[in-house]
Amino acid sequence: MLVSGRQILNHAHENGYAVGAFNVNNMEQVQAIIEAAEETKSPVIIQASQGGLKYAGVEYIAAMAKVAAEKASVPVAIHLDHGTDFKQIMACLRNGFTSVMIDGSHYELEENIRKTKQIVEMAHAVGVSVEAELGKIGGVEDDISVDEKDATYTDPDEAERFVKETGVDYLAIAVGTAHGPYKGEPKLDFDRIKVIKERLNMPLVLHGSSGVPEESIKKAVSLGINKINIDTDIRMAFHKAVKAFVADNPDVYDPRKIVGPARIAMKEVIAEKMKMFGAAGKAWK
């Protein structure tokens with residue numbers, strides 16, 4: 001059931017839970033996401049980063065995701081994660097993505113507003129929802145790299161102005177998470193989440209969520225986070241399963257047998273995340 005990002009996240013916003021947004025690069029990841037969503041009866045967002053699209057091709061990613069969504073009994077949105085390239089955002093719009101992210105967080109506020117407003121106007125014209133980011137989330141994810149010293153938290157006053165002037169559908173906020181594996185335990189600014197949610201009254205997005213303790217995730221959701229991005233945990237599950245299989249079966253060269261266990265491992269991780277986020281059982285007809 002292919003739907004817009006706005007439909008999925010407004011439902012999460014109104015009902016107090018978060019939807020998992022899981023990054024994909026290949027068919028097995030798409031299958032793992034949909035199987036987990038079906039088993040837990042969760043709405044879900046399949047998303048691809050610019051790096052993922054460069055690896056697999058926007059047409060391939062879009063085609064796999066659309067087939068999966070059309071066959072699924074749960075709501076599915078297809079989302080571009082961390083879009084910074086105008087041409088690639090346009091390619092996603094042309095190929096059936098139902099949600100895109102324009103990441104102008106590395107610009108000054110005025111320029112971020114200008115660029116985001118431009119994308120919102122174009123995407124909304126064809127019924128596609130838009131995510132933007134305010135503040136700078138540290139770490140590395142494909143083409144996006146922010147040093148820890150350059151990471152900045154989202155300012156509630158700026159967030160209020162940003163949403164009002166751009167018309168964006170949901171906002172990614174910087175509250176202490178980081179992309180990639182963590183060194184130590186992340187400390188989330190829960191008070192900031194609470195204030196921003198009260199001021200904006202709209203779906204909020206948490207990036208860099210792989211590796212964040214379960215109790216912190218649940219508290220963030222209770223305070224108003226409605227979309228949670230997961231990438232690193234899926235990659236690590238894939239790597240661990242493939243490494244173990246190859247070690248135990250050094251003579252096997254059939255890619256289906258090598259990657260099959262990884263698909264199961266990824267599905268298990270994804271299903272646990274869906275339950276943690278409160279999305280299990282929230283799929284609607």
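The values are calculated or read from the model by the stated rules, or taken from the named source; none is laboratory data. Because the structure is predicted, anything quoted here is derived from the model rather than measured. Note: ideal-geometry Cβ built from the backbone for every residue, glycine included; neighbour counts use all protein chains shown. The protein model used for the area step is the full one, side chains on, heavy atoms only, and it has no ligands, DNA or RNA in it. Shrake-Rupley method; radii C 1.70, N 1.55, O 1.52, S 1.80 Å.
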> Out of all the residues in segment 49-70, is one or more modelled with pLDDT under 95, open to solvent by less than 60 Å² (accessible area, probe 1.4 Å) and part of a strand (DSSP E or B)?
Replying inline: yes
> In segment 164-210, how many are open to solvent by 30 Å² or more (accessible area, probe 1.4 Å) and among the β-branched types (V, I, T)?
Replying inline: 1
> Do you know which residues across segment 119-142 are more than 21 Å from I196 (Cα to Cα) and at pLDDT below 95?
Replying inline: G139, V140, E141, D142
>> Can you go through K285, K183, K218, K187 and tell me which one is modelled with pLDDT of 95 or more and not hydrophobic (A, V, I, L, M, F, W, C)?
In response: K218
> Among the residues of segment 259-274 satisfying the criterion of being in contact with a helix residue (DSSP H, G or I) (Cβ under 6 Å, 6 or more places away or on another chain) and more than 13 Å from E35 (Cα to Cα), which is least open to solvent (accessible area, probe 1.4 Å)?
Replying inline: A262
> I8: in contact with a Pro (Cβ under 9 Å, 6 or more places away or on another chain) and either in a helix (DSSP H, G or I) or open to solvent by less than 10 Å² (accessible area, probe 1.4 Å) (or both), yes or no?
Replying inline: yes
>> I'd like to verify a number: residues in segment 39-48 that are under 24 Å from V205 (Cβ atoms) and either open to solvent by 40 Å² or more (accessible area, probe 1.4 Å) or part of a helix (DSSP H, G or I) (or both), how many?
In response: 2
> In segment 240-251, how many are open to solvent by 50 Å² or more (accessible area, probe 1.4 Å) and of a type in the set (V, I, T)?
Replying inline: 1
>> What's the total number of residues in segment 152-163 that are surrounded by fewer than 21 Cβ atoms within 10 Å (Cβ to Cβ) and of a type in the set (S, T, N, Q)?
In response: 1
>> Of all residues being open to solvent by 50 Å² or more (accessible area, probe 1.4 Å) and touching a strand residue (DSSP E or B) at 6+ places or on another chain (Cβ under 9 Å) in segment 123-137, which is farthest from R161 (Cα to Cα)? Just the residue, please.
In response: H124
> Would you pick out the residues in segment 211-239 that are more than 30 Å from D189 (Cα to Cα) and surrounded by 15 or more Cβ atoms within 10 Å (Cβ to Cβ)?
Replying inline: F238
> How many residues are in contact with an Asp or Glu (Cβ under 6 Å, 6 or more places away or on another chain) and under 21 Å from K267 (Cα atoms) when one looks only at segment 3-57?
Replying inline: 3
